[in-house]
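Student: This is the structure I have questions about; it appears just below.
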Amino acid sequence: MGYQTLAAVDLGSNSFKLQVARVQGEQLYLLDALKEPVRLAAGLDKNKRLDADSQQRALDCLRRFNERLRGLPEGAVRCVGTSALRVAKNADGFLEQAEQALGFPIEIIAGREEARLIYLGVTHSLPPSNGRRLVVDIGGGSTECIIGSGSRQESRESLLMGCVNFSLRFFPGGKLDKAAMKEAELQARLVAQGIEADFSHGHWDEAVGSSGSIRAVADILEANGWSHGITVEGMAQLRDALLKAGHVDKVELAGMRADRRPVLAGGFAILSGLFAELGIRQMNPANGALREGILYDLLGRISEHDMREETVAEFMRRYHVDTKQAARVEGLALRLFKGALPAGKDEKKEARRFLSWAARMHEIGISIAHSGYHKHGAYILENADMPGFSRTDQERLALLVRAQRGALAKVPQFMAGDALPDGDRALAWSLRQAVILCRNRAEPELAEIEAEATAKGYRLRLPQAWLKENQLTRRALEEEAAYWGDVGLKVQYG
């Protein structure tokens, strides 16, 4: 489906940002941008829970974003949450309210997926280059580092340090002094030490920075004539100016925006630590960042260049999947899903995609052990780095693969009543039937097969003569009906 307008929402740990763009072929032309300094990470208490004030700031902002997004179809908008929402223990409860305020689903993405999207956004904002680039993005709660050449990414890492948490930790109350700055820069170096072997100078030709903290530093250095771009010498002069002021409220520098004042010292300390540990002498700021990356990734999805398809294909290769068996199960599962949806439910294209991906990867756990392979596969899908997939996506895939066989009563989501959407229940049912019917690893000769949703569960219509000739499968289907009965649904065959 083609869309004329796309929108990206970045629920960052420091700021919430919205970007709207017009689609013209394979290009995007930015139409509108909104940004609010919500500082979500500042609302994380010692127990990693978002406090009421930070949640309220966020919800108020999202209601304003809702006005700008109103009228756009769901498939044209992608909303992602980053570091603060990754670590917040009460994120699930907040997200329910946030989705209602915004009017669109919100995905939480892993650090390396955030890094992938950042690189995608940065490369689209820069001229082509044959050299290798180091891209650094300092956010409110995490810092992403990526090395790539052209559009191809080679290394991605996400470091748990950001301008908000560093400012709160090392410069409480806004006080700036030499000892605190030294300690903050040393901590940044210690964190970066873990990636130094792969990200230090010598592994790249050019260093590029994106997002608020790095652009803020670049603007200040440029406006004060200390350097063009960001240099070691310019950073030294900025450090002296910050320490001379003694407090963030007293920092008066050309090029400094008011909204960056509370987090400038934390962002500066992280950048300084990265310069020292990775051997960076100069860094140029880029205009593109996470928002632009989300937009171009979304454009790829609707243009049939979905990164998720490449990831699934890579997982099938990595875990030595029997591609013929995967195709059999996929084809039959999709066929059954069409009839398995409850009356009145539309068959969404995205749901079919998830069923297709789950079917293609349902046996990846066999590479670990045949015994309990569905559990191994689910663990891989939930915990592996899967470019293109959000954490929410991976949990959905893992559930389908975990639920492909065995007792459903052992899968908590199936015992939670209405907590599992009917559409996902139908996906799981369709996949389970396909796995059973393709168990002998041959194409089931079943021209006459029909699935339907009933008032109390599902019915799979199979020829009686076929059931009589395939007693082993019949026994498996009887056991399957009992499994569904254990979670309160009636499944009928024949």
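Student: Just one of Glu107, Glu36, Glu113, Glu74 is among the acidic types (Asp, Glu), in contact with a strand residue (DSSP E or B) (Cβ under 8 Å, 6 or more places away or on another chain) and closer than 29 Å to Glu310 by Cβ; which is it?
Tutor: Values: Glu36 fails: closer than 29 Å to Glu310 by Cβ; Glu113 fails: in contact with a strand residue (DSSP E or B) (Cβ under 8 Å, 6 or more places away or on another chain); Glu74 fails: in contact with a strand residue (DSSP E or B) (Cβ under 8 Å, 6 or more places away or on another chain).
Criteria check complete, one pass: Glu107.
Student: Determine which single condition Ala276 fails, assuming it passes every other condition in (1) at pLDDT 95 or above; (2) among the small types (Gly, Ala, Ser); (3) under 30 Å from Ser125 (Cα atoms); (4) surrounded by 21 or more Cβ atoms within 10 Å (Cβ to Cβ).
Tutor: The failed condition is (4).
Student: Ala313 versus (1) closer than 30 Å to Gly229 by Cβ; (2) free of Cβ contacts under 8 Å to residues at least 40 places away in the same chain: which is the lone unmet condition?
Tutor: Among (1) closer than 30 Å to Gly229 by Cβ; (2) free of Cβ contacts under 8 Å to residues at least 40 places away in the same chain, Ala313 violates only (1).
Student: Quick one: which of Leu134, Leu126, Leu168, Leu186 is surrounded by fewer than 23 Cβ atoms within 10 Å (Cβ to Cβ), touching a residue at least 24 places away in the same chain (Cβ under 8 Å) and outside any helix (DSSP H, G or I)?
Tutor: The match here is Leu126.
Student: Just checking, how many residues over the stretch 438-494 are touching a residue at least 60 places away in the same chain (Cβ under 8 Å), more than 23 Å from Arg328 (Cβ to Cβ) and outside any loop (DSSP other than H, G, I, E, B)?
Tutor: 2
Student: Given the criteria in contact (Cβ under 8 Å) with a residue 12 or more places away in the chain and closer than 24 Å to Tyr296 by Cα, does Arg68 qualify?
Tutor: The answer is yes for Arg68.
Student: At least 2 residues that are β-branched (Val, Ile, Thr) in each: list the helices (runs of 4 or more DSSP H) lying fully within the stretch 332-413 that qualify.
Tutor: Ranges flagged: 391-402.
Student: Here's a follow-up. I'd like the full set of residues that are buried (at least 16 other Cβ atoms within 10 Å of the Cβ) and outside any helix (DSSP H, G or I), limited to the stretch 230-273.
Tutor: Scanning the stretch 230-273 gives Ile230, Thr231, Val251, Leu253, Met256.
Student: Something else about it: Step by step: first the residues of the stretch 23-48, then only those that are in contact (Cβ under 8 Å) with a residue 40 or more places away in the chain and in a loop (DSSP other than H, G, I, E, B), then the one that is farthest from Asn287 (Cα to Cα). Which residue is that?
Tutor: So, considering only residues that are in contact (Cβ under 8 Å) with a residue 40 or more places away in the chain and in a loop (DSSP other than H, G, I, E, B), the one farthest from Asn287 (Cα to Cα) is Asn47.
Student: Residues of the stretch 295-329 being more than 26 Å from Glu107 (Cα to Cα), in contact with a Lys or Arg (Cβ under 9 Å, 6 or more places away or on another chain) and either crowded, with 16+ Cβ neighbours inside 10 Å or in the same structural domain as Gln24 (by TED's automatic domain parsing) (or both), which ones?
Tutor: Val321, Gln325, Ala326, Arg328, Val329
Student: Leu427 passes all but one of (1) over 21 Å from Arg396 (Cβ atoms); (2) in contact with a helix residue (DSSP H, G or I) (Cβ under 6 Å, 6 or more places away or on another chain); (3) hydrophobic (A, V, I, L, M, F, W, C); which number fails?
Tutor: Exception for Leu427: condition (1).
Student: Further, regarding this structure: So, of the residues in the stretch 143-154 that are modelled with pLDDT under 95 and either among the polar types (S, T, N, Q) or in a helix (DSSP H, G or I) (or both), which turns out to be surrounded by the fewest Cβ atoms within 10 Å (Cβ to Cβ)?
Tutor: Ser151
Student: Continuing with this model, one more query. Restricting to the stretch 272-295, name every residue that is over 27 Å from the mean Cα position of the chain (by Cα) and among the β-branched types (Val, Ile, Thr).
Tutor: Ile280 - this is the single residue of the stretch 272-295 that is over 27 Å from the mean Cα position of the chain (by Cα) and among the β-branched types (Val, Ile, Thr).
The values are calculated or read from the model by the stated rules, or taken from the named source; none is laboratory data. What you are looking at is a predicted structure, and each value in this text was computed from that prediction instead of being measured. Cβ coordinates were reconstructed from backbone atoms using ideal geometry, including for glycine residues, and neighbour counts include every protein chain displayed.
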